[in-house]
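Single-structure report; data block below.
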Amino acid sequence: VSRTYRVERLAKHDRSQFDCGVPELNIYLRKQAGQDQRRRFSVCHLLIDATDGSVAGYYTLTAGSVLLADLPQAITRKLPRYPTVPVARIGRLAVAIAYHGQKLGGLLLYDAVQRVSAANIGVYAVVVDAKDDNAVSFYEHHGFTRFESVSRTLFFEL
Ligand SMILES: CC(C)(COP(=O)(O)OP(=O)(O)OC[C@H]1O[C@@H](n2cnc3c(N)ncnc32)[C@H](O)[C@@H]1OP(=O)(O)O)[C@@H](O)C(=O)NCCC(=O)NCCS
């Protein structure tokens with residue numbers, strides 16, 4: 001069966017059933033994401049299964065910056081000499097267990113990169129803090145590059 005999905009900004013969606021297999025990411029979506037969004041500390045984007053409206057995944061986006069010195073020299077050689085580089089940060093990203101193995105994680109990453117790239121604000125790269133080595137390899141698989149000096153933080157140049 002081929003399903004269709006849409007991405008929606010978190011609103012009054014029922015996310016009490018969301019289970020990605022990582023308790024901390026489930027709890028964040030259920031209890032914290034709404035508050036962070038109201039305070040404008042992050043925006044939470046939901047992947048909605050159009051067949052029944054259930055939440056298949058989510059990611060959060062936050063404005064941020066990284067130290068120029070933390071990026072690889074091969075990249076910083078081409079960049080202006082400001083001490084910091086503007087980035088957008090994917091704080092959290094998860095796909096519900098029932099939807100694993102359908103490339104929806106990659107779809108969410110692509111959506112995040114497109115969304116940031118389309119915003120009329122200066123952002124050099126999308127950055128993510130991977131929660132473990134498995135997550136690091138997931139992001140590397142999708143074209144993200146590790147920082148030289150900061151472990152488990154990866155970036156994607158827009
Ligand atoms: C990690 C996660 C987002 C992957 O989502 P998914 O939609 O199930 O991913 P898929 O299994 O469909 O894989 C999509 C692609 O990524 C690759 N991939 C998936 N997990 C990977 C990993 N850990 N390392 C390397 N590649 C990986 C797959 O091989 C596949 O590659 P292909 O498109 O070339 O065939 C999902 O398993 C998840 O939400 N896990 C719990 C939360 C979590 O760990 N989040 C990590 C971010 S902090």
Checking T145 against (1) more than 14 Å from the ligand (Cβ to nearest atom); (2) surrounded by 18 or more Cβ atoms within 10 Å (Cβ to Cβ), the condition it does not meet: (2)
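Each row is one residue, and each column tells you yes or no for (1) within 16 Å of the ligand (Cβ to nearest atom); (2) not hydrophobic (A, V, I, L, M, F, W, C).
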{"position": "R3", "(1), (2)": "yes, yes"}
{"position": "Y28", "(1), (2)": "yes, yes"}
{"position": "A33", "(1), (2)": "yes, no"}
{"position": "R38", "(1), (2)": "no, yes"}
{"position": "C44", "(1), (2)": "yes, no"}
{"position": "G53", "(1), (2)": "no, yes"}
Can you tell me which residue is nearest to R89 (Cα to Cα) among those in region 5-26 that are charged (D, E, K, R) and within 13 Å of the ligand (Cβ to nearest atom)? E24
Does S16 fit the bill of being under 17 Å from the mean Cα position of the chain (by Cα) and either exposed (fewer than 12 other Cβ atoms within 10 Å of the Cβ) or in a strand (DSSP E or B) (or both)? no
Can you tell me how many residues in region 19-31 are assigned to a helix (DSSP H, G or I) and farther than 18 Å from E8 by Cβ? 6
Sort out which residues of region 115-155 are under 13 Å from the mean Cα position of the chain (by Cα) and aromatic (F, W, Y), and write them in order of number. F138, Y139, F144, F155
Would you mention how many residues in region 83-131 are within 7 Å of the ligand (Cβ to nearest atom), of a type in the set (A, V, I, L, M), without any contact (Cβ under 8 Å) to a residue 40 or more places away in the chain and part of a helix (DSSP H, G or I)? 0
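Looking at region 132-158, which of its residues are of a type in the set (F, W, Y) and either assigned to a loop (DSSP other than H, G, I, E, B) or in contact with a His (Cβ under 6 Å, 6 or more places away or on another chain) (or both)?
Initially, region 132-158 is screened for residues of a type in the set (F, W, Y), giving 138-139, 144, 147, 155-156.
Those that are of a type in the set (F, W, Y) and either assigned to a loop (DSSP other than H, G, I, E, B) or in contact with a His (Cβ under 6 Å, 6 or more places away or on another chain) (or both): F144, F147.
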Test G57 against the criterion of being near the ligand (Cβ under 9 Å from one of its atoms) and either at positive phi or not charged (D, E, K, R) (or both), and give yes or no. yes
Which numbered condition trips up V66, out of (1) within 14 Å of the ligand (Cβ to nearest atom); (2) touching a residue at least 40 places away in the same chain (Cβ under 8 Å); (3) among the β-branched types (V, I, T); (4) farther than 21 Å from E8 by Cβ? (1)
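Bear in mind that the values in this text are calculations on the coordinates, not laboratory data. Please read all numbers here as calculations on a predicted model, not as lab measurements. With ideal geometry, Cβ positions are generated from the backbone for all residues, glycine too; neighbour counts draw on all protein chains shown.
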